[in-house]
Every structure is written in structure tokens, then in C-alpha cells.
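Worksheet: one structure, shown below.
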There are 4 protein chains.
Amino acid sequence: MATKEEVAAFIAAEFTQTKCVIEAVGNMGATVAHAVGPDELRPGGTVSGPVMMTVADVALYVAIFGEIGIVPLAVTTNLSVNFLRKPPATSRIVGICKLIKLGKSLAVGEVSLYSDGMKEPVAHAVGTYSIPPRKAQEPR
Amino acid sequence: MATKEEVAAFIAAEFTQTKCVIEAVGNMGATVAHAVGPDELRPGGTVSGPVMMTVADVALYVAIFGEIGIVPLAVTTNLSVNFLRKPPATSRIVGICKLIKLGKSLAVGEVSLYSDGMKEPVAHAVGTYSIPPRKAQEPR
Amino acid sequence: MATKEEVAAFIAAEFTQTKCVIEAVGNMGATVAHAVGPDELRPGGTVSGPVMMTVADVALYVAIFGEIGIVPLAVTTNLSVNFLRKPPATSRIVGICKLIKLGKSLAVGEVSLYSDGMKEPVAHAVGTYSIPPRKAQEPR
Amino acid sequence: MATKEEVAAFIAAEFTQTKCVIEAVGNMGATVAHAVGPDELRPGGTVSGPVMMTVADVALYVAIFGEIGIVPLAVTTNLSVNFLRKPPATSRIVGICKLIKLGKSLAVGEVSLYSDGMKEPVAHAVGTYSIPPRKAQEPR
């Protein structure tokens, strides 16, 4: 198991370009937020799809770390996203992940994506991560 | 219908931050490339998932433009990606989109994603775009 | 809006072959069960994937009816299923659907699929239905 | 590797209820057909979604057998289907599968589903199978 602080430090060190902020980790889940500015917008004055996919992907990654510790080489094998509502250009995107399966080699979770302050989700994702066998993991 | 030059000019103007390069548009398809540098990498020395999802999403968007003209407000409703092989850190990602349905309000396409120079795809995506009714589209 | 009884009568009349039983409809959701016998099994002594996909698809269909009335021509446009655990051969499959978007022309919902009596889901599905415009619907 | 005849015999023995007919197996692919009669129809006079999902699922299963031999305990982990056009009530559904990855433990393939005689696909599926380690496989 990794704490929120350990996960946040890992993400800051290994994904130096990311704008994702780790808000919570644990209890088979995680919450990740992403600021929205001009770089995140697309025609229609709304947040671009890839920003939301990034938040979903990171939320799954760190939710797994909260359960089994930091496993950098865990990789996404499948991510499926449904875009539901147009997020306003003025609010952060917040992804709330809940793992629905945590096996030895595969983990599956769903992520509800919100525009901060809105009650209904703007998108919903389901993803699968492949967890490498212990010997293949980098020493940490 | 929009030409490759028209589409490239639109993307450059409206998505100023993107590193996506339009390589081909037309015949119910499109080819989009994305440079890979330190910003695109993740632990394991491979390209991060969101980079590949971005290429898939843009390739679908511009393939639609090649058929019906530039419709900026077309939006992704669903994108599902399978990650198949680890792309090396040293090559561009190239997405080749083929539309499999182009209806009045929905378009569906698949995208094979390659690491430039590799024969087998590194990822495969299928996505749906919602095309707004004519009156809702911005004049261009 | 349609009641559980109205929906069950419609399904019985229009899908005479189905083994799906409507257990609950309403509050943006539905519960559908499916008996498991020799016809539903596959090698390994477990329930075949298509049985679970069928339960998910029907649960989405009837959840929509619970909100907008019986619209027979609503059709699935996308269904994505993750299979999580091996259901035993001896228990019904129960699908619990929750709609996450109900628009005028598209509805999206997720379905957790259980083997009756197990606490953790055996599968999870997300699906989109296209709802035809009023004039295209059959009179009922 | 298993031949078309071996695969067809296995399916006939183990899935006695199925209406799926194996038409071709090999070259990283498979073709599977399914008759359409009253049991396969839904309101609107079209083929029900679960019939198409079943064809896709079986086509993936047998395409894998064509490459690695008959592995009954291979199981679907993910299946995502897009429904594109309304198949007529009068023609068989034919699924043409092409594997896009065949690893030791995971195989991924896509399936184009046709209404026999139509040129454009009625649906498109992408699925992942988990292949059990050799020792876990039943002797055959």
C-alpha cells in the first residue's frame, strides 16, 4: 500500500509534465484533479477529450498504487470512455476512481469524471491495467 | 469535404498546443502523427497512454472533416482503446483512421496506432463522434 | 414512465424467447435476472459471456423505459463489457443498471452483473442506447 | 494450431445449443455465421444485439484456436461492440475476425459483423481473451 503523499511524490518525480493533482488515495479508489486553462480547451469552449482520458488513466494508476504499493510498470491495457456532458471551460476536472477488481495480474476500475461543482458526471471511464509479475518490477 | 491543407490549418489555429501533425485526409480516413520526446514518456521508457489516445481522437476528428467539411463542434461520445505493444521512446506515434460509419448525426471509426517503423500496431482504438445538426454549427 | 409490470408485459410479448426476468424498474435504473442452466454454460463450468451481455443489454433497455415509457425502437449503439470473475454454474445472473445520462436522443448507463449470492460483481458493462425521435416511434 | 474441422467439432460438442457455424479458421482470423429466424429478432424487425455479440465472441474464440490449438478455458476479459446499421431479418449474420495481438496470456482481435449479402458492416467488435497458462489447461 502507498499513501497519498508517496503516490503524489512518485507522480511529481516521474510525470514531471502532468497537471494531475492527487487528491485522495485508498479504500480501493483514488481522486485526481486537473486544472483547466487555455491548453485544455477545444472548439465549443469546452474541455478536450484527451484531458479527461488522462485524468481517468492517472486515477486508475494511482488507485492501484494505493492497494499494492507503487508499481511504476503497471500499464493500461484497455480504456473506454463515454463523454456525457459538456464541461465548462472554467472548472477543474475531477476524476473519482473505484476499483472493481484487483487481481494478481489485472486490475479493473471505473472512473466518474466531474467538472468541479457540477453534480452530474461529464464523462465515465472503465479501464484495465496489467500488473507486472513481482520479478519484473523495478526495485524501489 | 475539406482538404488536408484546410484541416491542417484549422487544427493549427484551434488547437495551438497540439503536437499532432496531419499527414493525410480523405477516402473515409486520415493519418495523424505525433512526435515523441521526454514529455510523452512514462516509466518503462515507453510512450504514455494519453498520447496515443490523443492521436486516435484527432485522427477520427479530421477523418470526419475530410468527408463532410470542417465541423468544429463535432464531439467524441465514446472512445475505446486497446494497448497492444510497448512503443519505443524514439519514434513518432502514427495513427491511421478508417471510418466505418458516417451517418447524419453519428460517425464511427477505427484507428490503428503505430510506432513509426514498426510493422505491428502498438494500440487500436474505436471511437464515435456526434455530429451537430447543421443549424448548430458555427459559420465558417 | 413505465412500471415494472408494464415493462415485464412488453418484454414477455416482444421477446418471447428471453429468459430475462424484470425484477425492478425505476429511479433511473433497473434490475434484471436470468436463470442459469445447461444452455448458459461454457467450458470451465461457468456462465457464457453472451448470457451476461444479454442481461446487461436488457437491463439498459428497460431502465430507459422506466424513465421515458416503452420505446420499442430504442437500439443499442455501443456496449462494452468487462468480465471480472468466474460465475458459478449454479446461480442466476442478476444485472443492476444505473443510468448515468438520459438525453433526448442518447442514454448511457452502467450495469453491474452479479452471480446471485456473491458479493462482488462477475462483470461490468457500460452501454449507450439511441432513442428514436418521437415521430419515428411505433404507436403503442 | 487447430483446423476448421477440429474447431467445428469442438464447438459442436461443447456448445451444443449454439447456432454458430464455423466457416473458416486460420491466418490469424476466423469466420463465423449465425442463422437468423424468429428467435433472433427484436422490435423493428431487426436482429437483436446479443446475437451479434455472440457471433463476435465465438469468432474471437475460434480464431485463437486456429493459432494455438484448442484451449477451452480461454475466456473473454473485455468485449466492446459498436452497432452501425440495422441488419434485415432475412439474412444470416457473418462475423469476420482478425487477431491484432496474440501474446502468451492475452489475445486481442477485431470482428466485422455483416448481414450476409450487405457490403457494409452492421456492427464492429473488439475483444480481449485471457489465455490460461499451459498447466491450467484441461488435457484434451
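The values are calculated or read from the model by the stated rules, or taken from the named source; none is laboratory data. What you see is a predicted model; the values in this text were computed from it and never measured. As a convention, Cβ positions derive from the backbone with ideal geometry for all residues, glycine included, and neighbour counts pool all protein chains shown. Side chains included, ligands, DNA and RNA excluded: accessible areas come from the protein's heavy atoms. Shrake-Rupley method; radii C 1.70, N 1.55, O 1.52, S 1.80 Å.
Filtering region A:99-109 down to residues that are in contact with a strand residue (DSSP E or B) (Cβ under 7 Å, 6 or more places away or on another chain) and over 13 Å from C:Pro121 (Cα atoms), which residue is surrounded by the fewest Cβ atoms within 10 Å (Cβ to Cβ)?
Of all residues in region A:99-109, those in contact with a strand residue (DSSP E or B) (Cβ under 7 Å, 6 or more places away or on another chain) come to A:99-101, A:105-109.
Still in the running and over 13 Å from C:Pro121 (Cα atoms): A:105-107.
Working: A:Ser105: 12, A:Leu106: 21, A:Ala107: 25.
Step by step, filter region A:99-109, then rank; the result is A:Ser105.
Tell me the residue from B:Glu110, B:Glu120 that is within 13 Å of B:Thr31 (Cα to Cα) and of a type in the set (D, E, K, R), please.
Step by step, each of B:Glu110, B:Glu120 is checked, and only B:Glu110 is within 13 Å of B:Thr31 (Cα to Cα) and of a type in the set (D, E, K, R).
On the basis of being within 28 Å of B:Arg85 (Cα to Cα), in a strand (DSSP E or B), open to solvent by 50 Å² or more (accessible area, probe 1.4 Å) and not basic (Lys, Arg), does D:Ile96 make the cut?
yes
Which one of the conditions (1) more than 10 Å from every other protein chain (Cβ to nearest Cβ); (2) touching a residue at least 12 places away in the same chain (Cβ under 8 Å); (3) more than 16 Å from the chain's Cα centre (by Cα) does C:Val94 fail to meet, given that it meets all the rest?
(3)
Inspect region C:89-97 for any residue being among the basic types (Lys, Arg) and at pLDDT 95 or above and give the result as yes or no.
Yes, because at least one residue in region C:89-97 is among the basic types (Lys, Arg) and at pLDDT 95 or above.
Give the number of residues within region C:99-126 that are assigned to a strand (DSSP E or B), free of Cβ contacts under 8 Å to residues at least 40 places away in the same chain and polar (S, T, N, Q).
The number of residues fulfilling the criteria is 1.
If we keep just the residues of region D:49-69 that are under 14 Å from D:Lys86 (Cα atoms) and in contact with a Phe, Trp or Tyr (Cβ under 8 Å, 6 or more places away or on another chain), which is farthest from the other protein chains (Cβ to nearest Cβ)? Spell out the reasoning first.
Applying the first criterion (under 14 Å from D:Lys86 (Cα atoms)) to region D:49-69 yields D:49-52.
If we keep only those that are in contact with a Phe, Trp or Tyr (Cβ under 8 Å, 6 or more places away or on another chain) too, we end up with D:49, D:52.
Numbers: D:Gly49: 5, D:Met52: 9 Å.
Across region D:49-69, the extreme among qualifying residues is D:Met52.
Could you list, in sequence order, all residues of region A:70-84 that are at the interface with chain B (Cβ under 7 Å from one of its Cβ atoms), outside any strand (DSSP E or B) and open to solvent by 10 Å² or more (accessible area, probe 1.4 Å)?
Within region A:70-84, A:Leu73 is the sole residue that qualifies.
Condition check: facing chain D (nearest Cβ under 10 Å) and modelled with pLDDT under 95. Does C:Asp39 satisfy that?
Judged against the criteria, C:Asp39 is a match.
If you go through region A:47-66 one residue at a time, do you hit one that is in contact (Cβ under 8 Å) with a residue 12 or more places away in the chain and assigned to a strand (DSSP E or B)? Spell out the reasoning first.
Within region A:47-66, the subset in contact (Cβ under 8 Å) with a residue 12 or more places away in the chain is A:47, A:49, A:51-66.
Now restrict to residues that are assigned to a strand (DSSP E or B): A:47.
Yes, because at least one residue in region A:47-66 is in contact (Cβ under 8 Å) with a residue 12 or more places away in the chain and assigned to a strand (DSSP E or B).
Conditions (1) of a type in the set (A, V, I, L, M, F, W, C); (2) more than 20 Å from C:Met52 (Cα to Cα), marked per residue:
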{"residue": "D:Glu5", "(1), (2)": "no, yes"}
{"residue": "D:Ala12", "(1), (2)": "yes, yes"}
{"residue": "D:Ile22", "(1), (2)": "yes, yes"}
{"residue": "D:Val25", "(1), (2)": "yes, yes"}
{"residue": "D:Asp39", "(1), (2)": "no, no"}
{"residue": "D:Pro72", "(1), (2)": "no, no"}
{"residue": "D:Thr76", "(1), (2)": "no, no"}
{"residue": "D:Ser105", "(1), (2)": "no, yes"}
{"residue": "D:Asp116", "(1), (2)": "no, yes"}
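Of these, A:Glu14, A:Glu67, which one is open to solvent by 10 Å² or more (accessible area, probe 1.4 Å), out of contact with any helix residue (DSSP H, G or I) (no Cβ under 6 Å at 6 or more places or on another chain), at pLDDT below 95 and at negative phi?
Only one candidate passes the filter, namely A:Glu14.
Of all residues in region B:17-36 being among the β-branched types (Val, Ile, Thr) and modelled with pLDDT of 95 or more, which is farthest from B:Leu99 (Cα to Cα)? Walk me through it before giving the result.
The first filter runs over region B:17-36 and keeps only residues among the β-branched types (Val, Ile, Thr), leaving B:18, B:21-22, B:25, B:31-32, B:36.
Checking the rest, the ones that are also modelled with pLDDT of 95 or more come to B:21-22, B:25, B:31-32, B:36.
Numbers: B:Val21: 19, B:Ile22: 16, B:Val25: 11, B:Thr31: 12, B:Val32: 14, B:Val36: 26 Å.
The qualifying residue farthest from B:Leu99 (Cα to Cα) is B:Val36.
Consider region C:17-30. How many of its residues are more than 13 Å from chain D (Cβ to nearest Cβ) and either buried (at least 21 other Cβ atoms within 10 Å of the Cβ) or part of a helix (DSSP H, G or I) (or both)?
Adding up the residues that qualify gives 3.
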